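The values are calculated or read from the model by the stated rules, or taken from the named source; none is laboratory data. Predicted model only: the values in this text are computed from it and were never measured. Using ideal geometry, Cβ is built from the backbone for each residue, glycine included, and neighbour counts are taken over all protein chains shown. When the accessible area is computed, the model is the full protein with side chains, heavy atoms only, and any ligands, DNA or RNA have been set aside. Shrake-Rupley method; radii C 1.70, N 1.55, O 1.52, S 1.80 Å.
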Amino acid sequence: PMTSKETRTVLDHWREAVPDDRLAHLIKDATRALVRGLQVRLSDYNVSFGHWTFLRILWEEDGLTQRELSEQAGVMEPTTFSAMKAMESLGYVERKHLPGNNKNIHIFLTRNGRALKKKLVPLAEEINAIGTRGLTEVEIKTTRKVLLAIITNLAEDEAALENAERKVPSTRELSRRISSAE
């Protein structure tokens with residue numbers, strides 16, 4: 001099969017230079033390849049990968065607050081706010097205050113936003129099929145089991161660190177620490 005120069009470089013790196021390198025790097029490269037494949041396909045519908053992330057969440061649970069949407073997407077609220085304004089102007093979502101609650105803004109899919117699901121989900125399914133080509137059902141099931149175990153283990157570790165009042169510092173806090181250490 002034809003592969004890009006960049007892909008060949010990544011594959012050579014994994015197969016020859018660092019065949020026993022850390023799993024995190026391998027997962028990152030696999031994620032990057034899956035995301036790039038999906039981004040190319042989403043662009044045919046003028047949908048960004050960031051918008052895809054929010055659409056997937058809203059297709060499962062419409063009417064979330066911006067804060068809930070941020071938490072589920074794993075992004076900061078200003079990022080969600082900007083994306084929702086853009087998605088609203090594209091006609092994919094409506095931002096509304098619910099009666100009796102002027103504090104929270106809830107996000108609701110429009111008919112157009114809901115209709116995108118039938119067009120876009122098959123693109124993700126196609127990328128998953130391409131990415132798992134040549135693998136058996138058992139291998140795919142084992143990979144899912146392994147990745148879910150990694151996610152669970154690291155979530156438990158993060159919860160333990162939070163209980164010990166340790167967390168990832170903000171970029172601003174980290175910059176402050178670095179400059180005070182110099």
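What to note about this one:
- Just so you know, in region 48-95 the residues that are of a type in the set (Val, Ile, Thr) and part of a helix (DSSP H, G or I) include one that is surrounded by the fewest Cβ atoms within 10 Å (Cβ to Cβ), and it is 79.
- Failed criterion for residue 138 (all others in (1) among the aliphatic types (A, V, I, L, M); (2) within 26 Å of residue 67 (Cβ to Cβ); (3) more than 20 Å from the chain's Cα centre (by Cα) hold): (2)
- Condition met for residue 156 (modelled with pLDDT of 95 or more, among the charged types (D, E, K, R) and exposed (fewer than 11 other Cβ atoms within 10 Å of the Cβ)): no
- Residue 98 falls short on exactly one of the conditions (1) open to solvent by 60 Å² or more (accessible area, probe 1.4 Å); (2) modelled with pLDDT of 95 or more, and that condition is (2).
- Selection of first residues in region 128-144 that are at negative phi and of second residues that are polar (S, T, N, Q) and in a helix (DSSP H, G or I), restricted to Cβ pairs under 9 Å at least 6 apart or on distinct chains, gives the following pairs, ordered by first then second residue: 132/143; 135/143.
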